[in-house]
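Working notes, beginning with the structure itself.
The values are calculated or read from the model by the stated rules, or taken from the named source; none is laboratory data. Because the structure is a prediction, the values reported are computed rather than measured. We place every Cβ from the backbone using ideal geometry, glycine too, and count neighbours over all the protein chains shown. The area values use the complete protein model at the heavy-atom level, side chains included, leaving out ligands, DNA and RNA. Shrake-Rupley method; radii C 1.70, N 1.55, O 1.52, S 1.80 Å.
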Amino acid sequence: AQTVTQSQPEMSVQEAETVTLSCTYDTSESDYYLFWYKQPPSRQMILVIRQEAYKQQNATENRFSVNFQKAAKSFSLKISDSQLGDAAMYFCAYRSAIHDNDMRFGAGTRLTVKP
Amino acid sequence: DAGVTQSPTHLIKTRGQQVTLRCSPKSGHDTVSWYQQALGQGPQFIFQYYEEEERQRGNFPDRFSGHQFPNYSSELNVNALLLGDSALYLCASRRTGVAEAFFGQGTRLTVV
C-alpha cells in the first residue's frame, strides 16, 4: 500500500521569505501523480500544484514550486515570497496513474506566516 | 460553473442514529470520492463511485455506504453512528483519467 509521510507538523515563515515543506512517499509503482493541497480555515481543499512522475522537470505555479526526487521518493513544496494568505494546512497526496485509484494523503503541515 | 457542492455544511447527530450526506460534483466530472478527515489529521479515503458503482473502497466498516445517481451526484450514508465518526467529511470529484480532483467545502458531522 502506498503511504505518504509529512514529517513537519508545523512550520513558520516570515512574510516575503521562502519556506520549504517536506513530503516523502512509498510506492512500488512507476507511474503516479503527486499533489500539494492547501486547506485554509474555510476547510475547502485547494489544489496548489501537481507533478506527474514521468516528468523529470519540476512543476511550478507562480510562487509555488516543487523539488521532485523520484529515486528518493521525495516531493517537497517551496513557497517563495510568502504572503499572509498562504497560512493554512498543507497536505501532500499521492495517486496511482496505473489503476486510476484514489488519493492517499499525508498528515499535513500547518504553515504560519508572520507579518 | 459551480464547483463541488456538499450539503449540509454542519450536522449534529446522536450516537446510534443514521446520517446521509450529499455531494454534487463539478460539471463534467463523473467520478466522486468521499474522505473522512478527523481533527488535526489528513483525509482518509472512504470510497469512490464511478458509473453508479462503488469502484474502490478504503478501510472503513460496512456502516459506511454510498450511492451515485445517474447525474453523478452522490450520497454517503453512515449507520449506527459512533462518537468516533465525528469528523469533516469531504467529497471530491474529477473526470475519470484526469489527474486532479476538486473538493467541496465538506460537511462537519458531530456525534453526541
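Residues in region A:20-39 that are over 12 Å from the mean Cα position of the chain (by Cα), more than 10 Å from chain B (Cβ to nearest Cβ) and either modelled with pLDDT of 95 or more or assigned to a strand (DSSP E or B) (or both): A:ASP26 alone. When B:GLY3 is tested against (1) open to solvent by 10 Å² or more (accessible area, probe 1.4 Å); (2) under 24 Å from A:LYS38 (Cα atoms); (3) assigned to a strand (DSSP E or B), only condition (3) is not met.
Of the residues A:MET11, A:MET45, only one is open to solvent by less than 60 Å² (accessible area, probe 1.4 Å), over 10 Å from the mean Cα position of the chain (by Cα), under 16 Å from A:GLY108 (Cα atoms) and away from every other protein chain (no Cβ under 14 Å); which? Answer to the check: A:MET11.
List pairs: first residue in region B:84-112 and under 19 Å from B:LYS13 (Cβ atoms), second residue acidic (Asp, Glu) and part of a helix (DSSP H, G or I) anywhere in the structure, Cβ distance under 7 angstrom, at least six positions apart or on different chains. Going by the 7 Å Cβ cut-off, the qualifying pairs are B:LEU109/B:ASP85; B:VAL111/B:ASP85.
Applying the condition of being of a type in the set (Gly, Ala, Ser) and within 20 Å of B:GLN41 (Cα to Cα) to region B:61-88 and asking which residue is least open to solvent (accessible area, probe 1.4 Å) yields B:ALA87. Among the residues of region A:1-19, just one is in a strand (DSSP E or B) and modelled with pLDDT under 95, namely A:THR3. Looking across A:ASN62, A:ASN101, one residue alone is more than 13 Å from the chain's Cα centre (by Cα) and on the phi > 0 side of the Ramachandran plot. It is A:ASN62. Of all residues in region B:89-109, those satisfying the criterion of being polar (S, T, N, Q) and either surrounded by fewer than 21 Cβ atoms within 10 Å (Cβ to Cβ) or facing another protein chain (nearest Cβ under 8 Å) (or both) are B:THR96, B:GLN105.
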